[in-house]
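Data block below; observations after.
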Amino acid sequence: MAYQVLARKYRPQRFSDVAGQDHVTRTLVNALTQKRIAHGYIFSGHRGIGKTTIARILAMALDCRTEVGTPGRPTVEPCLQCVSCREISSGGNASGDNLSSHSFDFIEIDAASNRGIDDVRSICSQADVRPARDKYKIFLLDEAHQITDAAFNAILKTLEEPPDWAIFMMATTEPESIPQTIRSRCQHFSFHAVKFEDILAQLKAIAEKENVTAEDAALALLAEAGDGSMRDALSIMDQAIASAPFENGRAVLQTGQIRELMGSVPNAVFERLMESVSAQQSARLMEDLDKLLTSGNSPAALARQLVRYLRNCLMAKLGGENTQLLEIAQDERARATRTAQLFTEEELTRNLQIALRTFDELNYRQEQRFHLELGLLKLIQAQRLLPMEEILSGLSSQPAAKRPNPAQTPSSPPRTPSGSAPASTPRPTAPPAAPSLSPFAASNQRAAVTPQPNPGRNLSGAENTERKPENPENQVGQGFSPAISAATSGGALAPEVSSSPASTSRTIASETTAVGLLELP
């Protein structure tokens, strides 16, 4: 038989073999036991975490030809021996004992290439036909989010009221792309990312079965590289075994060899970089970065690892070394904790934000090395910033005598009209009135406090008694013309005019106009 990759060779065949999806497997086993079988299922989640695998196991359990409770099938788990189980486990085809067969009752469709309305119409027509051999006719639509909206509308009625023998299963990484009308007619199972411990345990078991000698740190590095995906971790392990040296007929997986294969650097390098940041040693930081770049490491890969390392340091600062937020090996936990002790929580948060922004800029910027160097220098410069609390506390603790008070500033003495004697004792000034936007309001206010001239007197104001202004703020500056000054000071400087009614009205009109011009903003 041809070689099979580890991800296919060790694909789970029973619910109990699936790692990290207990909430899904427990629900499906209980449904099979209680015979509460739905006509539509949606399996969504991260890549490589078992969506298609669990869909096939459920199909095998439904169409298994061995009765539940017999020695060959004591539970609702599939027997894996009958023709139906072998056909479904291989994606619809089975071969063995010089026998090859194809299942007509389990139809697995790649929805990415069969996404149109004609393809869905063909599925609906097949669903109306009874199963050829098994109990159910099962349709598995992989990458179901690729189906067009028109095709979803075409299958909507069939999915709402399907025949008793038809069951639809959809696997997708983007459940939000499936219309709500489809999701409301199916049972939706959201898959979780596989935990670090589960991936590590699976890798150790496979290494023993494959007769591979592996260091614990090497397997932990593979599990961390999987990033929650069991298939990704197995694919990297398959590649690592192929490149590993042989000793006594056994492949030996070493940490350094795996790092070189993955193009990553040890986290001890990032620990040294963050020590330079904490000590504000810019020259040492640039020298270490230069060694990494001249040795062939990609700036984008270094930035990605730096982001991951700073995230682990922040989680270690928040929850301690043994927190569940860290999905790394024990020695890496200790390293992240040591780095976290060099910074405060606010500083780690700021450093992570700067690293994330730098990593994002490297994806579309030219001269990636310059941007990475600038991002690392920003980490040092950020350590010199003062918290806002210290700045505000410094302002509040400043002595009140050093801060000038505008209310205590002495105002200039009021200017008296020409020809009158200055007052011996200045009267207390009133607080300045709010500026008025209307000249009429200011004129009315002035008229209310100004005494009216006696009738029969000359408008020149020669015989008027001296009047001190109520508010010095209303005095006019010395740069105005005599006519305007006379209008504002009661007419003391106005020239003599005739006492005729016509001249009197003209003089009053000119004075009023001058006052109005002065009050305009």
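From the list T323, T349, the one residue that fits, being among the β-branched types (V, I, T), surrounded by fewer than 18 Cβ atoms within 10 Å (Cβ to Cβ), within 28 Å of L222 (Cβ to Cβ) and not assigned by TED's automatic domain parsing to the domain that holds A217, is T323. Checked against (1) more than 21 Å from D110 (Cβ to Cβ); (2) surrounded by fewer than 22 Cβ atoms within 10 Å (Cβ to Cβ), A214 passes all but condition (2).
Kindly indicate which of V194, V252 is within 34 Å of the chain's Cα centre (by Cα), at negative phi and touching a residue at least 12 places away in the same chain (Cβ under 8 Å). Let's see the steps before the verdict.
On the way: V252 fails: within 34 Å of the chain's Cα centre (by Cα).
After ruling out the rest, the residue left standing is V194.
Which residue, of C85, C64, C79, C124, is touching a Gly at 6+ places or on another chain (Cβ under 6 Å) and in the same structural domain as A19 (by TED's automatic domain parsing)? The match here is C79.
Is at least one residue of segment 195-203 out of contact with any helix residue (DSSP H, G or I) (no Cβ under 9 Å at 6 or more places or on another chain), within 14 Å of G40 (Cβ to Cβ) and surrounded by fewer than 21 Cβ atoms within 10 Å (Cβ to Cβ)? No, the conditions are met nowhere in segment 195-203. None of A301, A336 is of a type in the set (G, A, S), within 22 Å of A382 (Cβ to Cβ) and part of a helix (DSSP H, G or I) except A336.
Of the residues examined, E108 is one that is under 21 Å from R47 (Cβ atoms) and more than 35 Å from the chain's Cα centre (by Cα). Among what's in segment 98-139 and is part of a loop (DSSP other than H, G, I, E, B), over 18 Å from F152 (Cβ atoms) and polar (S, T, N, Q), pick the residue that is modelled with the highest pLDDT. The residue in question is S103.
The conditions of being part of a loop (DSSP other than H, G, I, E, B), closer than 28 Å to E345 by Cβ and of a type in the set (S, T, N, Q) are met by S264. Residues in segment 163-181 that are surrounded by 14 or more Cβ atoms within 10 Å (Cβ to Cβ) and in contact (Cβ under 8 Å) with a residue 40 or more places away in the chain: A166, I167, F168, M169, M170, A171, T172, T173, P175, I178.
In the condition set (1) in contact (Cβ under 8 Å) with a residue 60 or more places away in the chain; (2) in a helix (DSSP H, G or I), E327 is compliant with all but (2). The numbered conditions (1) touching a Ser or Thr at 6+ places or on another chain (Cβ under 8 Å); (2) surrounded by fewer than 14 Cβ atoms within 10 Å (Cβ to Cβ) are all true for K157 except (1).
Please state which one of A38, A7, A31, A19 is closer than 22 Å to F139 by Cβ, touching a residue at least 12 places away in the same chain (Cβ under 8 Å) and either among the aliphatic types (A, V, I, L, M) or not assigned by TED's automatic domain parsing to the domain that holds E87 (or both).
A38
Inspection of segment 136-147 finds no residue satisfying the criterion of being loosely packed, with under 15 Cβ neighbours inside 10 Å and not basic (K, R).
Scanning segment 357-381 for residues that are under 18 Å from Q281 (Cα atoms) and charged (D, E, K, R), which turns out surrounded by the most Cβ atoms within 10 Å (Cβ to Cβ)? Of everything passing the filter in segment 357-381, E373 is surrounded by the most Cβ atoms within 10 Å (Cβ to Cβ).
The values are calculated or read from the model by the stated rules, or taken from the named source; none is laboratory data. Being a predicted model, the structure only gives us computed values, none of them experimental. As a convention, Cβ positions derive from the backbone with ideal geometry for all residues, glycine included, and neighbour counts pool all protein chains shown.
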